[in-house]
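Reviewing the structure listed below.
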Amino acid sequence: MKRGTQVGICLMSVVAVLFMGITNSSARRAHITPEQKAQMKHIQTIYLHVIALTENGRVPADDLAATIQPRLEKLGYKVVLSRKAPHDVEFRVKCEERKKWAGTTRSGGDAELAYAPARLWKGPACLFSYRLQGQDLGWYIETRTDFEDAYAAAQNANVPDSGAYAMSQLRQKLQEFDFPVLIATEWGHTDRLTKLLSSPDTSKERKFRILSILSEVKAKEAFPYLLQMTNDPEYAERAIVALAGLGSQAIPVLTKLFKTSQDSSIQAAAAKSLGIIGAHTGDPTITPPLLEYLNHALEHMETSKDIDFPVLTEVVWSIAKLRNEKSLKPIEELNRKIWLIRDTSPEMQKLREAANVATKMIDLDYQIM
């Protein structure tokens with residue numbers, strides 16, 4: 001294999017590593033028209049259509065609907081159970097003892113979503129989808145039981161009816177699975193998510209989940225809530241990363257946190273968030289503070305004790321995403337120094353990996369050889 005081909009393959013892998021984690025649902029939903037996006041923004045009333053299928057046929061789904069309805073209503077939606085009632089969208093939930101639906105395409109569409117339907121799963125599952133003005137927009141998520149064989153699981157539980165047992169277990173999953181947050185995100189209702197963030201009744205786990213989502217979507221209304229949460233040690237790191245969803249608007253705040261904080265975890269989170277924004281916007285104001293930190297670290301780097309690994313590793317990853325030519329010499333110097341230090345710790349291995357990737361991403365001559 002020619003060296004140029006090897007380099008090309010290497011760089012493709014590097015790009016995949018760098019950008020895999022920052023691809024958000026807006027790209028996946030690019031085929032939705034502006035009119036449909038506007039309709040989704042104004043969704044208030046949901047027609048909930050739930051069906052339950054066992055190996056013996058269709059069974060009443062009232063218990064399942066009674067579990068789903070209040071969870072949607074807690075986010076402020078009005079839920080109706082009759083197709084004849086006025087509604088803005090049809091929200092479908094199909095729960096099966098043995099899943100018949102074949103799954104998704106190999107790439108693109110809902111295959112890129114978290115909680116996408118598993119192609120190989122044939123056990124009990126509930127499939128969520130929706131129709132806007134009668135049109136299926138290709139959004140599918142799925143929750144599954146902890147077992148695939150409903151009959152064997154029912155026998156182990158001393159329950160004679162495997163279908164009834166499967167539905168009872170799926171109902172429990174519907175109480176745990178956060179489909180309301182996922183569908184609110186899909187429809188662009190980030191205002192509903194920020195209300196959950198500010199509510200004392202929202203669990204810590206759910207707030208973490210919302211913060212992760214907000215890091216990938218632009219939600220201006222979330223800014224004051226996220227800013228406030230950066231002062232809460234319990235949520236600060238995740239809130240700082242979530243600020244990346246605001247794009248260039250968040251750069252001044254993140255830069256200040258990065259330059260002034262004495263907490264390594266806060267600095268590392270700010271560096272990571274700046275890198276995410278830089279990858280999306282190419283904003284040149286992001287590079288100087290990161291380079292300043294790197295240069296200062298190089299001046300004092302003799303042993304592993306001189307390295308703040310969490311911060312420096314995130315700084316290097318962000319520099320790799322920004323791909324500024326001024327970063328090349330410091331990154332090369334970093335590579336030289338960290339390989340001269342005798343250290344095989346996991347932290348050093350992560351830093352060496354980041355520095356190696358950064359060199360490949362920044363060195364244009366390397367890329368075209």
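The values are calculated or read from the model by the stated rules, or taken from the named source; none is laboratory data. All values reported here derive from a predicted model rather than from experimental measurement. Positions of Cβ are backbone-derived with ideal geometry, glycine not excepted, and every protein chain shown enters the neighbour counts.
Brief remarks on what is shown
- Among the residues of the range 76-91, the one identified as among the hydroxyl-bearing types (S, T, Y) and either surrounded by 13 or more Cβ atoms within 10 Å (Cβ to Cβ) or outside any loop (DSSP other than H, G, I, E, B) (or both) is Y77.
- Checked across the range 207-226, the condition of being over 25 Å from A279 (Cα atoms), surrounded by fewer than 16 Cβ atoms within 10 Å (Cβ to Cβ) and in the same structural domain as D263 (by TED's automatic domain parsing) holds for no residue.
- Scope the range 195-236; condition under 16 Å from L182 (Cβ atoms), of a type in the set (S, T, N, Q) and either in a helix (DSSP H, G or I) or in contact (Cβ under 8 Å) with a residue 60 or more places away in the chain (or both); matching residues: S212, S215
- Top-ranked residue in the range 46-69 [being surrounded by fewer than 12 Cβ atoms within 10 Å (Cβ to Cβ) and free of Cβ contacts under 8 Å to residues at least 12 places away in the same chain; ranked as nearest to the chain's Cα centre (by Cα)]: D62
- Of the numbered criteria (1) surrounded by fewer than 21 Cβ atoms within 10 Å (Cβ to Cβ); (2) at pLDDT 95 or above, the one E234 fails is (2).
- Residue selected from the range 120-172 under the condition hydroxyl-bearing (S, T, Y) and within 21 Å of T67 (Cα to Cα), by the criterion surrounded by the fewest Cβ atoms within 10 Å (Cβ to Cβ): S168
- Residues located in the range 52-65, provided they are touching a helix residue (DSSP H, G or I) at 6+ places or on another chain (Cβ under 9 Å) and hydrophobic (A, V, I, L, M, F, W, C): A52, L53, V59, A61, L64
- Residue in the range 299-309 that is buried (at least 19 other Cβ atoms within 10 Å of the Cβ) and either of a type outside the set (A, V, I, L, M) or assigned to a helix (DSSP H, G or I) (or both) present: no
- Selection status of T190, buried (at least 18 other Cβ atoms within 10 Å of the Cβ) and under 13 Å from the mean Cα position of the chain (by Cα): no
- Test: residue in the range 311-318 that is over 22 Å from I266 (Cα atoms) and either assigned by TED's automatic domain parsing to the domain that holds S261 or out of contact with any Gly (no Cβ under 8 Å at 6 or more places or on another chain) (or both): no
- The set of residues in the range 338-349 being surrounded by fewer than 16 Cβ atoms within 10 Å (Cβ to Cβ) and assigned to a helix (DSSP H, G or I) consists of W339, L340, P346, E347, Q349.
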